[in-house]
Amino acid sequence: MSASKTNPGNFFEDFTIGQRLVHATPRTVTEGDRAVYGSLYPTRFAVPSSASFAASVGLTQHPVEELIAFHIAFGKTVPDISLNAVANLGYAECRFHQPVVPGDTLSTTSEVIGLKQNSNGKSGVVYVRSTATNQRGEVALEWARWVMVHKRDVDAPAPEAVVPDLAPAVAAADLVLPAGLDFSGYDFAAAGETHRFDDYEVGERIDHVDGVTLTESEHQQATRLWQNTAKVHFNKEARPDGRNLVYGGHVISMARALSFNGLANAQLVAAINAGAHTSPAFAGDTVYAWSEVLDKAETPVPSVGALRLRLVATKGRDESMTLRGEDGKYAEGVLLDLDYWALIPR
Amino acid sequence: MSASKTNPGNFFEDFTIGQRLVHATPRTVTEGDRAVYGSLYPTRFAVPSSASFAASVGLTQHPVEELIAFHIAFGKTVPDISLNAVANLGYAECRFHQPVVPGDTLSTTSEVIGLKQNSNGKSGVVYVRSTATNQRGEVALEWARWVMVHKRDVDAPAPEAVVPDLAPAVAAADLVLPAGLDFSGYDFAAAGETHRFDDYEVGERIDHVDGVTLTESEHQQATRLWQNTAKVHFNKEARPDGRNLVYGGHVISMARALSFNGLANAQLVAAINAGAHTSPAFAGDTVYAWSEVLDKAETPVPSVGALRLRLVATKGRDESMTLRGEDGKYAEGVLLDLDYWALIPR
Amino acid sequence: MSASKTNPGNFFEDFTIGQRLVHATPRTVTEGDRAVYGSLYPTRFAVPSSASFAASVGLTQHPVEELIAFHIAFGKTVPDISLNAVANLGYAECRFHQPVVPGDTLSTTSEVIGLKQNSNGKSGVVYVRSTATNQRGEVALEWARWVMVHKRDVDAPAPEAVVPDLAPAVAAADLVLPAGLDFSGYDFAAAGETHRFDDYEVGERIDHVDGVTLTESEHQQATRLWQNTAKVHFNKEARPDGRNLVYGGHVISMARALSFNGLANAQLVAAINAGAHTSPAFAGDTVYAWSEVLDKAETPVPSVGALRLRLVATKGRDESMTLRGEDGKYAEGVLLDLDYWALIPR
């Protein structure tokens, strides 16, 4: 009887196309989350750092970093989607629909949009589209994600393969700007750098210089804060090597925070186009970051531009900023390859 | 002169029956406490996690976990009661009288209700009843506790032995339900599990499956957050083995959080009947938990039931869920044996 | 192009007398900061701990510890002043002009008030006066500081030497009391000790008894919370010995919190007269503190007295409370020598 009370997670054959999952548990965002986040990542972006600065760019309330909303919304999906995952394969079409502010309560639901059993018959890829809504039922963010999930029973029949058609990037025209956002009175001195939209060129790479050595407690505190329950992050007995795997989102937040040095005015994350965790990270690793400008776009607000950026986290600093070797594979030391849109003053 | 300024703590002979102690220092609970708690424990209970969920079950404000209130109120007593304690022997008759919400300020007072010198003449057992009140002077929680305390002077005369008559458990009729609590519109999907009052049977045991490896920083941050000053938790030079002892309350909170997996709907702690820290815990230990249903009771609110649960924390997972060996002693690896009442939808 | 985007920090020859620096980024203080601070330091002073206690001494809002404001304001100056510092040499004339409360946004500006190239020609001392203002433009605190900074180019010409005339201590008459502060209804039992202004004598030393072993995560979380970006604290690859240096302010906060035991009623820090970080601290060190009463003064409010205190942090406990050896140098183990004014009930 006891076994039936705990959640074994879903296996590949438990998913069906069109299936809807209501994820537990709703979570209220607070000023405490902003402070804990600030103790774990060296973030200094002026909008989430300062209520006054946020007001000066037209925001009526003081938003938390978009990645706080992302991690919370994402964490909700873990018990249902990826408790039995072999690997988190990718993200796509992630859009932030409105700023999340303290007091907002986020709930997440998902729909299964693709299934493809692996040729070995032991696992398969599950594609889901997830949506996080606030206490008013409004969409806060949405994203697609695909994970490789174990089968419970290797003899379970393979479902008809359905692979969704996901965009390689969110179109600039589909970016949602926060209501009221206006950078025309932007205070560059307060924000920390003078570089604006026109100062960045497509193809430009920026070495963010600084590094942070990961510690055991910090990555676990971060991951736990998002109610992410994947046991590999917390339980040294859960992996043969006795090491706690660092949650990929921890590397995302660390790299984004490090990118302040060179991208201080890339204030808001509007979308995540794609993301790959290319190598595992562990406590003791020193994480550095570099960025590449992939694209630039205007927005409906004249003072606000959008930069499409590749954010790369590495273990150890790579001043050459090499993404892939000649064999086309990710270079050694690359931990993360994230493609996102940021909003920046023009 | 300097020695007289610092607090040496009370020794056994400093306590007298009927003595009242006003503990320093009052402490205001904030949303920050909720966030830090969430970064230290894998808690996901929907009521403390979500203001919206709390409102949906009739609570007019968003309470923090009862254990936050317990740890804060308990921490206040340490400098006066247990700074010179040999061991924390037990708890009884702990009742939560009303939810604690951000903005509440807790103060604690204690009354000495029992004294019994040990036969070795070097120490004795002190029994106290402690009461935490809020800024309106209303009782938030109360409990009894007994600790073994060193004598300053082994030649000090033994007091008349008084051993209070403490109930083995809080009677179900004495449980205090939060004002307005009503589970009739309870959202089981949002809460994370479908099991309700009727799905649990007396004698049933639940293996909560998940484990967390304790880290040095985390247990200290938790303990410090409660202003608990017992030096064995923070100072490696304070113990002959050079190790920091984990505060027993850290194990309680960890086990309670782990119990979500199988008891997700045991939303609120209404009382703690008894508790024993049966073995010390240290950083590096991996903590697991299992529960046993000890009793069930109705409450005055038809939609709300009460489960009396034994919550056992172990070092390393024990799938056999063995509390005691054939010799009647606690099985190896058992860290905590806690007996409490939880409120759950019927 | 990329190199030009990141901040290399200022070198000695980049500073000029009278130069004004507007530091990024403004930072809003929240209840989350109070909670994280409480998880990192064993602080129990009743005013910042309890909103009710703060109200009982006449404060209309619940201030955070002065050191939270100091660390935030100080952290802002690091990227512009001390990113290329060899050493942080001293503080002077630090005054707290009004309590900082959750919701306040702090911004910092600095003026260069002194420059003196070292005889080796490789570095020089930069003196700055920094001012932190809140969202209403009111001064929250100000201080002077001098640091030794590398030259970028050893052949750059030396500026005319200007060494400012800094007061050895803030005059008691210049201390700013928080508006409304009145200790006439002070609750000594709630505050934790009975010692008041008249119980302290100039020359008296107090051994604060307790010790805390520093951990890697905690000092980094603290330092990061203040948006302090000095890489030696976070990046094990940034120092030849592969160790993370503990931010000096972490030692200040730890010592101040430990001083509760003997100075529980020294509720508010009104000024910092001088400060020297005499030796580096690392994770694993166990920090103790002792204090010496340097001076006493009345204030315009009859119930409020001021104690001028020397706060000394040591690595390992020194019951002899020895500041300097016979050679006049700081005794081995001394980490911090801080001179400050505290407000205490008379």
Margin query: So in region B:221-242, with the set limited to residues that are more than 7 Å from every other protein chain (Cβ to nearest Cβ) and touching a residue at least 12 places away in the same chain (Cβ under 8 Å), which one is surrounded by the fewest Cβ atoms within 10 Å (Cβ to Cβ)?
Written below: B:Val232
Next item on the list: Tell me which residues, restricted to region C:74-94, are among the aromatic types (Phe, Trp, Tyr) and outside any strand (DSSP E or B).
Entry: C:Phe74
Item checked: Test result for C:Ile17, in a loop (DSSP other than H, G, I, E, B) and more than 12 Å from every other protein chain (Cβ to nearest Cβ) -> yes
Next item on the list: Kindly indicate which of A:Glu298, A:Glu292 is acidic (Asp, Glu) and within 12 Å of chain C (Cβ to nearest Cβ).
Entry: A:Glu292
Notebook entry, point to check: Just a yes or no: is a residue in region A:203-210 in contact with a Phe, Trp or Tyr (Cβ under 9 Å, 6 or more places away or on another chain), over 30 Å from A:Glu298 (Cβ atoms) and facing chain C (nearest Cβ under 7 Å)?
Noted result: yes
Next item on the list: Scan region C:313-324 residue by residue and report those that are within 21 Å of C:Gly249 (Cα to Cα) and more than 13 Å from chain B (Cβ to nearest Cβ).
Entry: C:Ala313, C:Leu323
Note to self: Just checking, does region C:27-43 include any residue being in contact with a Phe, Trp or Tyr (Cβ under 6 Å, 6 or more places away or on another chain), closer than 30 Å to C:Leu263 by Cα and away from chain A (no Cβ under 14 Å)?
What the structure shows: no
Note to self: With the requirement that a residue be under 16 Å from B:Asn84 (Cα atoms) and more than 22 Å from the chain's Cα centre (by Cα), what does region B:117-155 give you?
What the structure shows: B:Gln117, B:Asn118, B:Gly121, B:Lys122, B:Ser123, B:Gly124, B:His150, B:Lys151, B:Arg152, B:Asp153, B:Val154
Next item on the list: Could you run through region C:55-70 and say how many residues are part of a helix (DSSP H, G or I) and touching a residue at least 12 places away in the same chain (Cβ under 8 Å)?
Entry: 6
Notebook entry, point to check: Consider B:Asp207 against the criteria (1) surrounded by 23 or more Cβ atoms within 10 Å (Cβ to Cβ); (2) under 22 Å from the mean Cα position of the chain (by Cα): it satisfies all of them except one. Which criterion is unmet?
Noted result: (1)
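Let's see how each residue does on (1) without any contact (Cβ under 8 Å) to a residue 40 or more places away in the chain; (2) of a type outside the set (A, V, I, L, M, F, W, C); (3) under 28 Å from C:Tyr288 (Cβ atoms); (4) surrounded by fewer than 22 Cβ atoms within 10 Å (Cβ to Cβ):
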| site | (1), (2), (3), (4) |
| --- | --- |
| C:Thr6 | yes, yes, no, yes |
| C:Asp14 | no, yes, no, yes |
| C:His23 | no, yes, no, no |
| C:Arg34 | no, yes, yes, no |
| C:Ala46 | no, no, yes, no |
| C:Phe53 | no, no, yes, no |
| C:Ile72 | no, no, yes, no |
Item checked: Any chance A:Thr322 is among the polar types (S, T, N, Q) and surrounded by fewer than 21 Cβ atoms within 10 Å (Cβ to Cβ) -> yes
Check: How many residues does region A:261-311 hold that are part of a strand (DSSP E or B), polar (S, T, N, Q) and within 25 Å of A:Thr215 (Cβ to Cβ)?
Finding: 2
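Every residue, every condition in (1) of a type outside the set (Gly, Ala, Ser); (2) at pLDDT 95 or above, yes or no:
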| site | (1), (2) |
| --- | --- |
| C:Glu204 | yes, yes |
| C:Ser217 | no, yes |
| C:Leu225 | yes, yes |
| C:Asn228 | yes, no |
| C:Lys236 | yes, no |
| C:Ser259 | no, yes |
| C:Ala266 | no, yes |
| C:Val269 | yes, yes |
| C:Asn273 | yes, yes |
Check: What do you reckon, is B:Ala158 within 13 Å of another protein chain (Cβ to nearest Cβ), over 24 Å from the mean Cα position of the chain (by Cα), of a type outside the set (Phe, Trp, Tyr) and more than 30 Å from C:His208 (Cα to Cα)?
Finding: no
Next item on the list: Kindly provide the set of residues from region B:23-56 that are more than 17 Å from the chain's Cα centre (by Cα) and charged (D, E, K, R), ordered by number.
Entry: B:Arg27, B:Glu31, B:Arg44
Next item on the list: Take A:Arg324 and decide whether it is within 22 Å of A:Arg145 (Cα to Cα) and among the basic types (Lys, Arg).
Entry: no
Notebook entry, point to check: If only one of C:Leu83, C:Leu89, C:Leu59 is surrounded by fewer than 21 Cβ atoms within 10 Å (Cβ to Cβ), at pLDDT below 95 and more than 15 Å from the chain's Cα centre (by Cα), which one is it?
Noted result: C:Leu83
Notebook entry, point to check: Restricting attention to region B:86-113, which residues are over 21 Å from B:Pro63 (Cβ atoms) and within 13 Å of chain C (Cβ to nearest Cβ)?
Noted result: B:Thr109, B:Ser110
Next item on the list: Taking the residues in region A:238-272 that are in contact with a helix residue (DSSP H, G or I) (Cβ under 9 Å, 6 or more places away or on another chain) and among the charged types (D, E, K, R) as candidates, determine which candidate is nearest to A:Thr43 (Cα to Cα).
Entry: A:Arg256
Next item on the list: Take C:Asp327 and decide whether it is away from chain B (no Cβ under 13 Å) and free of Cβ contacts under 8 Å to residues at least 24 places away in the same chain.
Entry: yes
Next item on the list: Taking only region A:114-146 into account, find how many residues are surrounded by fewer than 20 Cβ atoms within 10 Å (Cβ to Cβ) and of a type in the set (A, V, I, L, M, F, W, C).
Entry: 1
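The values are calculated or read from the model by the stated rules, or taken from the named source; none is laboratory data. Note that this is a predicted model, so its numbers are computed, not measured. In this analysis, Cβ positions are derived from the backbone assuming ideal geometry, glycine residues included, and neighbour counts consider all displayed protein chains.
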